[in-house]
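Note sheet for the following structure.
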Amino acid sequence: MTVDGRTRRREDTRQRLFEAAVALIAEQGFSATTVDDIALRAGVAKGTVYYNFASKTVLFEELLRHGIGLLTDEFRAAVAGLPPRDAVGALVRAQLEYIRRYRAFAQLLLSEMWRTNREWQQTLILLREQAIGVIAETVQAGVDSGDLPAELDVRVASSALFGVGLVVAVDWLVFMPERPIEDVEESLLAIVRRVGSHD
């Protein structure tokens, strides 16, 4: 097998392990999820988990990096080249689409975001900062261009956008999955516009 083939197979295995871990932790919590459970769900030997990750905690940290990294990349792609007002809408849509695609990860993120007693807390803070940083750049550009009020607290507004988007999207998918994404997006944007209006 070529080096490329081995690399691709390893990435596929890691992806399967991530998906298994996310599903299990979302279902039964981190503490109750064992490496055996993850291996069984992923359809691999227990040794394969340890070959790819030194421990369950390392797997979870890598999972957070992977998941939030994807979200941050999607935020960046969504706002590229857009004026601030359109960019805010694009961020809302990107977050909703991401969470629809990775619902179990979003639920996991929601449950872990405000815990302070975890070994990966610092990692999570840094990753959250990266995602919110993209939102903050967009909000700041809106303030600078006059599209958003000058007195807006960029930091709080950006955290609010991120948090509201996460909670609303998970709530939508759990309790109203039949509702079209466009309706959810429009309702979220209406809230954002009210907050960002000059009245």
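The values are calculated or read from the model by the stated rules, or taken from the named source; none is laboratory data. Please read these numbers as outputs of a predicted model, since none were measured by experiment. Here Cβ is always computed from backbone atoms with ideal geometry, including for glycine, and neighbour counts include all displayed protein chains. For accessibility, only protein heavy atoms count, side chains too; no ligands or nucleic acids. Shrake-Rupley method; radii C 1.70, N 1.55, O 1.52, S 1.80 Å.
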Rounded to the nearest 10 degrees, the helix 154-175 long axis (Cα) sits at an angle to the longest Cα principal axis of the chain of 60
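For every other residue with a beta carbon closer than 11 angstrom to the beta carbon of S31, add +1 if it is Lys or Arg and -1 if Asp or Glu, then tell me the sum. It would help to have the intermediate numbers written out before the result.
Working: positive: K56, R118; negative: none.
The answer is +2.
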What is the percent carbon and sulfur in the accessible area of the range 47-199, measuring with a 1.4 Å probe over the protein chains and ignoring ligands?
56
Can you send over the solvent-accessible area of E119, 1.4 Å probe, protein chains only, in Å² to the nearest 10?
150
Mind ranking W120, W114 by accessible surface for me, highest first, 1.4 Å probe?
W114, W120
About its Cα centre, what dipole magnitude does the range 94-199 give when the only charges are +1 on Lys and Arg Cβ and -1 on Asp and Glu Cβ, stated in debye to the nearest 20?
460
Dipole of the chain, positive direction: furthest Cα of G142, L71, T33, with charges on the beta-carbon:
T33
Between the Cα axis of helix 3-28 and the main Cα principal axis of the chain, the angle (0 to 90°, nearest 10) is 70
For the chain, calculated [θ]222 nm from helices alone, where every DSSP H run of n ≥ 4 adds -39500 (n - 2.57):
-26500 deg cm²/dmol
Determine how many Å³ per residue the convex hull of the Cα atoms of the range 22-77 encloses.
87
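Report the net charge of residues surrounding L173, where surrounding means a beta-carbon distance below 12 angstrom and charges are Lys +1, Arg +1, Asp -1, Glu -1.
On the way: positive: R100, R101, R103, R179; negative: E97, D171, E178.
Net local charge, L173 excluded: +1.
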P(r) for the range 71-167, please, calculated from all Cα pair distances in 10 Å bins and given in %.
16, 48, 28, 8, 0
Accessible area per residue in Å² at 1.4 Å probe, computed on the range 43-199
51
Highest first, please rank the peptides 173-183, 141-151, 78-88, 15-25 by the mean number of other Cβ atoms sitting within 10 Å of their residues.
15-25, 78-88, 141-151, 173-183
Enter the angle in degrees (range 0 to 90, nearest 10) between the Cα long axis of helix 121-145 and the first principal axis of the Cα atoms of the chain, meaning the one along which they spread out most.
20
